[in-house]
Amino acid sequence: MTLEQVSVAVLAAEIIIMLLARLGTERRHWRHHKKGEAAPRERDDIRIGPGLVYSVAALALVAKAVFSGIDFEWSVGTLSLLGVLGVLVPGYAANSVMLLSTHGDKKPLKGWQETLAYVLAAFGGAAAVAFI
């Protein structure tokens, strides 16, 4: 497999994880609305995530670009592509892993769950370099 194929697979996996977390959050909203169960927590929102996973994704993106010696044009299109595919998508996916691991509860993550989220963020950030 080429680096581009691996990057597309990583991007597809991240999007599937985000959709699963979003469907789980929406299911809690529907249950609350229809059956009168407890209201969803603000933490259930997929857009709220710890800044550390975004930082890990951004650092992995920069490290991969520097060590692979990629020469790219500093344009708005390239930087926005790197920002979306290299930071936002991996960060959202890592946040989704955290939400799926805790089912939206306020209980703390286990060590392996947190590690999985950071690995996903780092791998997604590094894989985004192939799109340049």
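A few notes on this one:
- Among 64-77, 7-20, the order from most to least packed when residues are scored by Cβ within 10 Å on average: 7-20, 64-77
- Given their separation in residues at 0.36 nm each and the Cα-Cα distance between them, residue 5 and residue 59 gain 17.3 nm when the chain is fully extended.
- In order along the stretch 68-75, the phi-based Karplus estimate (6.51 cos²θ - 1.76 cosθ + 1.60, θ = phi - 60°) of 3J(HN,Hα) comes to 8, x, 6, 9, 9, 7, 7, 10 Hz; Gly and Pro are listed as x.
- FRET efficiency, residue 23 to residue 71 (Cβ-Cβ, R0 41 Å, nearest 0.05): 0.50
- Each residue, residue 80 and residue 110, gets one label point 7 Å from its Cα in the Cβ direction; the gap between the two is 4.2 nm.
- Built amide H within the under 5 Å cut-off of residue 109, gap 5+: none
- Whether the stretch 49-92 is rounded, prolate or oblate, judged on the alpha carbon gyration tensor where a/c under 1.5 counts as rounded: oblate
Bear in mind that the values in this text are calculations on the coordinates, not laboratory data. Bear in mind the structure is a predicted one, so any value in this text is a computation, not a measurement. Every residue, glycine among them, receives a Cβ derived from its backbone with ideal geometry; neighbour counts consider all protein chains shown.
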